[in-house]
1. How about region 300-315: which of its residues are β-branched (Val, Ile, Thr) and away from the ligand (no atom under 11 Å from the Cβ)?
2. For region 368-390, give me each residue that is outside any strand (DSSP E or B) and in contact (Cβ under 8 Å) with a residue 40 or more places away in the chain.
3. Sort through Thr433, Thr407 and tell me the only one that's at pLDDT 95 or above and either open to solvent by less than 10 Å² (accessible area, probe 1.4 Å) or under 23 Å from Val282 (Cα atoms) (or both).
4. Return the only residue of Ala248, Ala275 being of a type outside the set (Val, Ile, Thr) and open to solvent by less than 10 Å² (accessible area, probe 1.4 Å).
5. Among the residues of region 60-104, write down those that are over 14 Å from Ser417 (Cβ atoms) and of a type in the set (Lys, Arg).
6. Report yes if some residue within region 283-296 is within 30 Å of Ser99 (Cα to Cα), surrounded by 23 or more Cβ atoms within 10 Å (Cβ to Cβ), touching a residue at least 12 places away in the same chain (Cβ under 8 Å) and within 16 Å of the ligand (Cβ to nearest atom); otherwise report no.
7. Filter region 186-237 down to residues that are in a loop (DSSP other than H, G, I, E, B) and within 16 Å of the ligand (Cβ to nearest atom) and give me whichever is nearest to Gly363 (Cα to Cα).
Amino acid sequence: MDEPYDLVVRSRRAVTPDGERPLVVAVRAGRIAALLPYDEPPPARETADLGDLALLPGLVDTHVHVNEPGRTHWEGFASATRAAAAGGVTTIVDMPLNSLPPTVDVASLEIKRKAARGQCHVDVGFWGGAVPGNVADLRPLHEAGVFGVKCFLSPSGVDEFPALDRDGLRAALAELASFDGLLIAHAEDPAALTEPTGPTYPDFLRSRTPDAERRAVEQVIELAAETGARAHIVHVSAAACVEPLRQAQRDGVRISAETCPHYLCLTAEEVTGPAYKCCPPVREAANRDALWQALADGVLMGIVSDHSPSTPDLKVPDFAAAWGGISSLQLGLPVVWTAALSRGYGLADVVRWMARGPAALAGLPYKGGLRAGADADLVAFDPAAEFTVDVAALHHRNPVSPYHGRTLKGVVRTTWSRGVAVDYVTPNGRFLTPGR
Ligand SMILES: [Zn+2]
C-alpha cells in the first residue's frame, strides 16, 4: 500500500491542457503527483471535493507593481500577495519600478528581496530594469535570478526610472542576446506623444494615440530582429500593434506581447473618473474587439494585470495630472471571465491566457498548468457565481479601482499554493527564479 497523498482535490470540471474533464489532482510534497479518475479518489490526509466547481491551475501574473520598498503605502508584498491569492493568482512577477530603489542592479534586487522576505502569500519572482547607463548590470541581474529586464521607451511616470532611447534600446538588446536574456518593453514612441490640451479623458486619449504605440512596437521589432534578442511588448492597448506583431512573428523575430484586463473589458466611452487612467490608455470599443481576436489567434500570448496602484490622492480629477495605473490584481480573473463568457470563450481559454501563456513567457515550467510534476498551485473557482465589486473589501492596500460597483461573474473559493490552502495569515510564498 502506497503512502496516502497529502492532499486530493476532486472536481467534475478540472481545466487541464487538454480541456475540461472530471479529475482528481493528487498532491505530494507540494507538487501534483498524479492526475487520477474522478471516481477513484485515492487515500489522502486531506480531501477537497469541489463537485461542480471548476478546478484551475493557479494563475501566473507576470506584470505586477508591488511598490515595496519605498512606496509601500501604494501597495506592499503582504497586501499584493493576499490580493493575488484571493484572485486565484499563485505566482506574481514584480516590476522593477515604482519601488525605491528601482531594481536596476543586483544591490537593489537584494534590497527588494529583503523587503519581500517573510511577507509573501504566493510565489514571487522579480523583473530587473534596463535604464540609461546600466548595460553592464544586465548580465549580473540575469545571473542573480531576474526573469528579464523591463524598459520604457517613453517617460515611465517616475523620475528614477528613465526611458531608453533608440541607441540605448539597441545596446540593451545586444547585451541581452549574448546570454539569451529577455527584454520587456513599454512601447509608446515619445516623439508621437503630446501634452493633453485639457483635463478630460478625450483630451488624454488624444495625447497617446495608437500610432504612438505602433511606432514604438515597430522599433522594438526592428531592433530585436537586428540583434537576435528575445523581446516582449507589455500591455498592448492599440489594435494597430497587432498586424506588425503578427508579421514579425511570421518572420521569425523573437517577439511576443501581452494585453491586460482593462484593455479587453473597459472602453473609453464608459470612463467616469481617474481610476480608469493608465498608459497606454483604455481605447474605444472597436479597438477592444480586435484585441480579443489577437488573443484568439495567439498573436497576443496572454493577459496580465499591470496592477499599478497608488494612493487615492494621486488620482486627481484632471486626467492630465492623475497617476496613470489601474489596480486590478484581485479582480483580473472575474473581469476577464465575465467578458470571455459573453464572447463565447471557455475556462480553458482563460487558463491559456492567464496561466499557461505568462508561465511560458517567464520560463516557469512548474507553473500554469494541471499536470503531473507541476507545483500544486490550485484554484477552486465558481464560474457561475456573481458578486458586486466593493473596492474597500479587496485586499489591495488602496480602495481605488475602475471596477468598483460592477457585477462580475466568477468567485474564487479556495486557493492552494504548492498544496497548502492560503489562509491569508501565514506567508508561505517562495521566491522564484527562471526555470524553478
Ligand atoms: Zn506596468
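The values are calculated or read from the model by the stated rules, or taken from the named source; none is laboratory data. From a predicted model like this one, the values you see are computed outputs, not experimental measurements. Cβ coordinates were reconstructed from backbone atoms using ideal geometry, including for glycine residues, and neighbour counts include every protein chain displayed. Keep in mind that these areas ignore ligands, DNA and RNA; they rest on the heavy atoms of the full protein, side chains included. Shrake-Rupley method; radii C 1.70, N 1.55, O 1.52, S 1.80 Å.
1. Of region 300-315, the ones β-branched (Val, Ile, Thr) are 303-304, 311.
Listed by number, the residues that qualify are Ile303, Thr311.
2. The first filter runs over region 368-390 and keeps only residues outside any strand (DSSP E or B), leaving 368-374, 376-377, 389-390.
Of everything in region 368-390, those that are outside any strand (DSSP E or B) and in contact (Cβ under 8 Å) with a residue 40 or more places away in the chain turn out to be Gly368, Gly369, Leu370, Arg371, Ala372, Gly373, Ala374, Ala376, Asp377, Val389.
3. Exactly one residue qualifies, and that residue is Thr407.
4. Working: Ala275 fails: open to solvent by less than 10 Å² (accessible area, probe 1.4 Å).
Going through Ala248, Ala275 in turn, just one is of a type outside the set (Val, Ile, Thr) and open to solvent by less than 10 Å² (accessible area, probe 1.4 Å): Ala248.
5. Arg71, the sole residue that qualifies.
6. The answer is no; no qualifying residue exists.
7. Residues of region 186-237 that are in a loop (DSSP other than H, G, I, E, B), as a first pass: 187-189, 193-200, 208-209, 228-229, 234-237.
Next, from what is left, pick out any that are within 16 Å of the ligand (Cβ to nearest atom): 187-188, 208, 234-237.
Numbers: Ala187: 22, Glu188: 26, Arg208: 32, Val234: 16, His235: 19, Val236: 21, Ser237: 24 Å.
The qualifying residue nearest to Gly363 (Cα to Cα) is Val234.
Matching residues to (1) surrounded by 20 or more Cβ atoms within 10 Å (Cβ to Cβ); (2) at positive phi; (3) of a type outside the set (S, T, N, Q):
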| site | (1), (2), (3) |
| --- | --- |
| Val350 | yes, no, yes |
| Gly357 | yes, no, yes |
| Pro365 | no, no, yes |
| Gly368 | yes, yes, yes |
| Asp382 | no, no, yes |
| Glu386 | no, no, yes |
